[in-house]
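Undergrad: Pasting in a structure now, in structure tokens, and then I'll have a few things to ask.
The values are calculated or read from the model by the stated rules, or taken from the named source; none is laboratory data. Computed from a prediction, not measured in an experiment: that's the story for all the values here. Because the Cβ atoms are built from the backbone with ideal geometry, glycine has one as well, and the counts that use them run over all protein chains shown.
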């Protein structure tokens, strides 16, 4: 099934996160994740939901978005958390990856979003040899 961006979308319930309803002898919804892929089968987004049984709806909890190099290596991954008070996703963490021409990872940098400064703050950097 394609999503509104024309990308393949897949829904998966997360079995370890569901609960067993003893009274109804059935597995109850608890959490699920939607995956979207680009034309190269690269994972470009993961959207996480939590089941709200009293409302009968899936509610956003967080999402991750990925960008890729021309060689299909993850270049950046950004995690957002759901802010129910504004009904928007808010930046949380960003990881950037750098590679050699042959595709070996050289650097991984992680940043954290500072909502007061409204900018990314460096968390840590790992260099690979």
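Undergrad: Pick out the one residue from 80, 48 that is more than 19 Å from residue 110 (Cα to Cα) and either under 14 Å from the mean Cα position of the chain (by Cα) or surrounded by fewer than 17 Cβ atoms within 10 Å (Cβ to Cβ) (or both). Give the derivation first.
TA: Values: 80 fails: more than 19 Å from residue 110 (Cα to Cα).
Going through 80, 48 in turn, just one is more than 19 Å from residue 110 (Cα to Cα) and either under 14 Å from the mean Cα position of the chain (by Cα) or surrounded by fewer than 17 Cβ atoms within 10 Å (Cβ to Cβ) (or both): 48.
Undergrad: Does the range 28-35 contain any residue that is loosely packed, with under 12 Cβ neighbours inside 10 Å and either modelled with pLDDT of 90 or more or in contact with a helix residue (DSSP H, G or I) (Cβ under 8 Å, 6 or more places away or on another chain) (or both)?
TA: no
Matching residues to (1) under 16 Å from the mean Cα position of the chain (by Cα); (2) surrounded by fewer than 16 Cβ atoms within 10 Å (Cβ to Cβ):
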residue: 55; (1), (2): no, yes
residue: 63; (1), (2): yes, no
residue: 73; (1), (2): no, yes
residue: 84; (1), (2): no, yes
residue: 89; (1), (2): yes, no
residue: 99; (1), (2): no, no
residue: 105; (1), (2): no, yes
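Undergrad: Looking at residue 81, is it on the phi < 0 side of the Ramachandran plot, in a strand (DSSP E or B) and at pLDDT below 95?
TA: Working: on the phi < 0 side of the Ramachandran plot: yes; in a strand (DSSP E or B): yes; at pLDDT below 95: no.
Answer is no for this residue.
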